[in-house]
Amino acid sequence: MTYDCFFFRRLKVFASFCRRRVSLPPPAGLMLRLQPLHAASQCAYLYYALLVKNKYTLLSGTRDYNPKQMAIREKVFNIIISCFKRHGAETIDTPVFELKETLTGKYGEDSKLIYDLKDQGGELLSLRYDLTVPFARYLAMNKITNIKRYHIAKVYRRDNPAMTRGRYREFYQCDFDIAGQYDAMIPDAECLKIVYEILNELDLGDFHIKVNDRRILDGMFAVCGVPDEKFRTICSTVDKLDKMAWEDVKKEMVNEKGLSEDVANRIGEYVSMQGGQDLAEQLLQDPKLSQNKQACAGLTDMKLLFSYLELFQVTDKVVFDLSLARGLDYYTGVIYEAILSQTIPAPAEQNGADEAAVSVGSVAGGGRYDGLVGMFDPKGRKVPCVGVSIGIERIFSIMEQKTSSEKVRTTETQVLVASAQKNLLEERLKLTSELWNTGIKAEVLYKKNPKLLSQLQHCEETGIPLVAILGEQELKDGVVKLRNVASREEVRLIVSQIVYNLSCILTKHFD
């Protein structure tokens, strides 16, 4: 008994160890030493071994999507893609990984979040951090100087995941970009219009779009006394104002970035300013900023941008905010970010859900990056670009919460082919095939003789709107009963004309 208990305790320790390292084999010789054990101890070991073998978990910052979640996700994608196409965009794709040197030096302090790989040939590779840098590389390699494109694909970041806020380590980005030499601010205004349209159509609640300009920021830093070599690192710190209080941001500037307190205070006066076209006009009269050429160029373009946004009828949601920085190094002009005002409850089943409600924050962002393509061109030829990225994961988190208590269809089946009596499998399969051949979305249950009630219940559970019922008498009469599952109304359709009649009914009532 003592011998058994000793091994039983060892097995518990071993199982606990293996739960942290999935599917590891037992210590060498342990199975042999189990031979003389009591049957109960052997059963205990097998139980723990099975427990270890089946203890699989997702990596932090990733998730699976069930059919309901995918149906919601597909709806969101369709709205976004429809908007992109409405604005004349075409699509491309690029590899999920790039040479490390392609991505290095483009993301400022966020470069530490890039996933590095090493292939068998010894090349240093990295998983793409966003879709913008690969797009710039694509333009340079293919010598493309004009394109309006969208790209929807997964990107990867070694971030601290916050599942409740829709922040993952693997996630989709939905990008829209305009590349080419055009008159100032017209493409930029269209990008903001696209954000406005998408957020309105998704009906996510109140939102506003912050806009700023990197030239205004750099001019602001210069007149405040920030050394040139610290512009980018201070810009990354200012970018944290949406997550941290000003006092904490100021402390980082002074204690970690080495700014004097006077310089930080002068920055603080500017980054507290918000407004519209009137603020741009006011800053053009600012005694300090008006003396900086970069700031003046940015402020002049900001006035022009707001004039176009007024024509696009979106100024009610756009605010000129001097605290907006966007920490990525490649931005050269206008920058923007869409913010949702609401909070959402944290889903209990998600990893890291430790808050009762969370602020959604930014759901879209982008800006102008006129110098990025030139970094990949052998002759340094630049292609002006401006674009926006929609934060699909955060949007999906909101949509998922909004529909948590709703029944969501996960299939698009339009009609179920059913039978009222036995021995009608061949007739059901034949009719189903005819419907498939004409593009009608149809299903048939995989049983020879299903009960009619079971078939009708399947329609109700999955949301199939129509059921075509075959019966012996109906077949003799050359007709099929078509039932509306919701209203239970029935019509009799001639078998030879069922495809045409069914198509007309679907077009009229269910499109």
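Please give the per residue accessible area of the stretch 381-511, computed with a probe of 1.4 Å over protein heavy atoms only, in Å².
Accessible surface, normalised per residue, equals 57 Å².
Using the structure shown, list the pairs from 106/230; 193/303; 303/379 with a Cα-Cα distance above 23 Å, or answer none.
Details: 106/230 16 Å; 193/303 16 Å; 303/379 34 Å.
Over 23 Å apart, Cα to Cα: 303/379.
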| Three-way shape label, the stretch 415-509, alpha-carbon gyration tensor, a/c 1.5 | rounded
| field | GluC sites (Glu not before Pro) restricted to the stretch 95-152 and DSSP loop, no more than 13 other C-beta within 10 Å | value | 123
| message | With the cut-off at 23 Å, tell me which of the pairs 451/481; 210/243; 112/257; 85/210; 422/476 have Cα atoms farther apart than that. | response | 85/210
| note | Charge tally for neighbours of residue 263 with beta carbon under 15 Å away, counting Lys, Arg as +1 and Asp, Glu as -1, is -2
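Could the peptides 427-435, 240-248 be put in order, highest first, of the mean number of other beta-carbon atoms found within 10 Å of their residues?
Highest-to-lowest ranking by the protection proxy: 427-435, 240-248.
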| query | Label 7 Å along Cα→Cβ of residue 141; the stretch 77-95 residues with amide nitrogen under 15 Å? | reply | 92-95
| What spacing in nm lies between the two simple spin-label points modelled at residue 111 and residue 272, each 7 Å away from Cα in the Cβ direction? | 3.5 nm
| field | Cα-projected label distance for residue 446 with residue 311, points at 7 Å along beta-carbon direction, nm | value | 5.9 nm
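The values are calculated or read from the model by the stated rules, or taken from the named source; none is laboratory data. Every value quoted in this text rests on a predicted model; they were computed, and no experiment measured them. With ideal geometry, Cβ positions are generated from the backbone for all residues, glycine too; neighbour counts draw on all protein chains shown. Side chains included, ligands, DNA and RNA excluded: accessible areas come from the protein's heavy atoms. Shrake-Rupley method; radii C 1.70, N 1.55, O 1.52, S 1.80 Å.
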